[in-house]
1. Once the Cβ-Cβ distance between Thr184 and Met158 is put in as r, and R0 is 22 Å, what FRET efficiency do you end up with, to the nearest 0.05?
2. State the antiparallel share, in %, of DSSP beta bridges confined to the chain, rounding to the nearest 5.
3. Report, for region 1-150, the % of DSSP beta bridges that are antiparallel, rounded to 5.
4. Once you compute Rg and the Kirkwood Rh from C-alpha atoms, what is the Rg to Rh ratio for region 1-153?
5. Could you work out the local net charge near Glu190, counting Lys and Arg as +1, Asp and Glu as -1, over the other residues with Cβ closer than 14 Å to its Cβ?
6. Which FRET efficiency, nearest 0.05, do Asn201 and Asp62 yield, Cβ-Cβ r, R0 41 Å?
7. Only loop residues by DSSP count here, and only those with at most 13 other Cβ atoms within 10 Å; note down the chymotrypsin sites (Phe, Trp or Tyr not before Pro) in region 1-102 that meet that.
8. Run the numbers for Glu88 and Ser239: contour at 0.36 nm per residue of separation, minus the present Cα-Cα distance, in nm.
Amino acid sequence: MSVRDVHVHFLHGHGGGYTRDFFEGFIAVAEKAGLDEIYLLEHTFQFREFESVYAPIREYNDYQRDWINRKMDGSIERYLEFLDSVKERFFSVKVNFGLEVCYIPETADKLAEILKEYRFDFLTGSVHWIDGWGFDHPNQKETWNGVDINKVYRRYYMIMCELCESGLFTGLAHPDSIKCFGHTPSGDMEAEYSRLAMLLNKHGMYAENSGGLRLNYDPALELGLNSQLLSVFKKHKVSLCSASDAHKQSDVGANIHELDEML
Ligand SMILES: [Zn+2]
Ligand SMILES: [Zn+2]
């Protein structure tokens, strides 16, 4: 079976733009990490074309407005031009090109309209915002103080189910990123997990077994899906793919072999 890393960030060539040299750096690291295939992507919040999707996020507070303004610093056209230039070439590692798309229920109609314009190999949907709140931002970690964790978890999974039902996506990114700061629910989430598993299957989507939180947040966090979610996904035979969520080129393929072992 081919070894894949289904979540690798391009990040505008880390400031250097979309160059052949930088792109080949991904291939070199992937090859060294023993990968046969990578899924390269950009966040939708990097592109001005998706501006209207993020209105509820900007309006939520000043920090988030400034954060989006800072991150949304490019046009998707540069990315597409680059994809066109490498699409027909052969590389020693198979490369799929896509987007990590924030699913925000309030603006899902706008998102669907915008996505219609583009063709990608894959679209990974992710939940980074709950009713406007950026729950995974280290700079607003304190906003977790006093929240009802069970309620937050249930809402997070409800949005994720809606994401699946939108039919816009091929995959689901980091399906338990809600644990990013170590908050775990006291209530049982089996029903939420089962519903999500069924919807993933219904829409022919894969779910990531992501090492991103350990890689990018806290080395003390568990690797990949929590054990209950993993066992529910396995019970329902959800298609599972390992993902590094590399934000640095040197992290391509990070933890992939260990993540694959879990599956
Ligand atoms: Zn993400
Ligand atoms: Zn990511």
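Any read-out appearing in this document is the output of simple, stated calculations on the displayed coordinates, not a laboratory observation. Computed from a predicted model, the values in this text were never measured in an experiment. Cβ atoms come from the backbone with ideal geometry, glycine included; neighbour counts cover every protein chain shown.
1. Numbers: r = 18 Å, r/R0 = 0.82.
That pair, Thr184 with Met158, gives E of 0.75.
2. On the way: 1 of 28 bridges.
Close to 5 percent.
3. Working: 1 of 18 bridges.
Counting only bridges with both partners in region 1-150, antiparallel ones make up about 5 percent.
4. 1.01
5. Details: positive: Arg154, Arg195, Lys234, Lys235; negative: Asp176, Asp188, Glu192.
Summing Lys/Arg as +1 and Asp/Glu as -1 gives +1.
6. On the way: r = 41 Å, r/R0 = 1.00.
Between Asn201 and Asp62 the formula returns 0.50.
7. Working: sites: Phe10, Tyr18, Phe22, Phe23, Phe26, Tyr39, Phe45, Phe47, Phe50, Tyr54, Tyr60, Tyr63, Trp67, Tyr79, Phe82, Phe90, Phe91, Phe97; in loops: Phe10, Tyr18, Phe90, Phe91.
Counting only loop positions with at most 13 other Cβ atoms within 10 Å, the chymotrypsin sites (Phe, Trp or Tyr not before Pro) in region 1-102 are Phe90.
8. Working: separation 151, 0.36 × 151 = 54.36 nm, distance 2.80 nm.
Result for the pair: 51.6 nm of gain on full extension.
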